[in-house]
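One structure is given below, encoded as structure tokens.
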Amino acid sequence: MVLDKLEHGDRLLRERAHPYHHFHAALLERYAGWLDVQGSRGDVMAESRGSKEDQQLLQEFRRTLESGTRFCTPEVFQRSLTSTKVKLKKKEHAVAGLQLADLLAYPFKREIVAHRRGAEAPKDFSAVVLNAARDKILEGGAVWLEEK
């Protein structure tokens with residue numbers, strides 16, 4: 001997911017206190033929903049960003065689990081997630097999953113932004129990494145950008 005602050009900022013700020021919380025909820029919906037369909041349970045981990053931001057994330061996570069969202073009930077979150085707290089790790093902990101997310105986030109963003117603008121994504125090494133990841137993600141049934 002890519003957040004275009006200029007395009008969505010006003011609407012998202014009316015819906016939630018922080019624009020990133022909208023995407024936090026959307027990611028949780030998809031993750032918990034997928035776990036639920038699979039009959040599985042899982043954890044949520046995020047990179048620590050600072051005391052204030054971490055507290056906001058923990059509060060938003062708790063609120064989402066307790067209240068649910070427009071598309072996901074609290075019961076699905078509670079049934080699918082193993083903890084009511086996000087596990088926060090600092091960058092220096094070198095958690096493999098968080099490093100992988102960092103590695104993929106920027107190339108995914110560039111491709112999505114280029115697609116929205118009708119342009120071609122840059123053809124550099126990050127495109128090679130992205131293409132390898134795309135194949136694995138598609139194997140898992142994820143939805144990708146529609147071809148033009």
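No lab work stands behind these numbers, since they all come straight from the coordinates. Treat the numbers as computed from the prediction; the structure is a model and nothing was measured. Positions of Cβ are generated from backbone atoms using ideal geometry, with glycine treated the same way; all protein chains shown enter the neighbour counts.
Going by C-beta contacts inside 10 Å, put 128, 44, 95 in order with the fewest on the left.
128, 95, 44
Could you pull out every residue, at least 5 positions away or on a different chain, whose amide H is within less than 5 Å of the one on residue 81? Hs are placed 1.01 Å off N in the peptide plane, and Pro or chain starts have none.
Residues meeting the criterion, in which the H sits 1.01 Å from N, are 42.
For region 96-139, give the magnitude of the charge dipole about the Cα centre (Cβ charges: +1 Lys/Arg, -1 Asp/Glu; no others), in debye to the nearest 20. It would help to have the intermediate numbers written out before the result.
Numbers: 7 positive and 6 negative charges, 38 e Å.
The calculated dipole for region 96-139 is roughly 180 debye.
Where does the charge balance sit around residue 77 when Lys and Arg score +1, Asp and Glu -1, over other residues with C-beta under 15 Å from its C-beta?
That sum, taken over residues with Cβ under 15 Å, equals +1.
Please report the orientation-averaged projected area of region 43-122, defined via the convex hull of its C-alpha atoms, in nm².
In nm², the orientation-averaged hull projection of region 43-122 is 7.2.
When the Kirkwood hydrodynamic radius is evaluated over all pairs of different C-alpha atoms of region 96-139, what value in angstrom, to one decimal, is obtained?
Result for region 96-139 stands at 10.9 Å.
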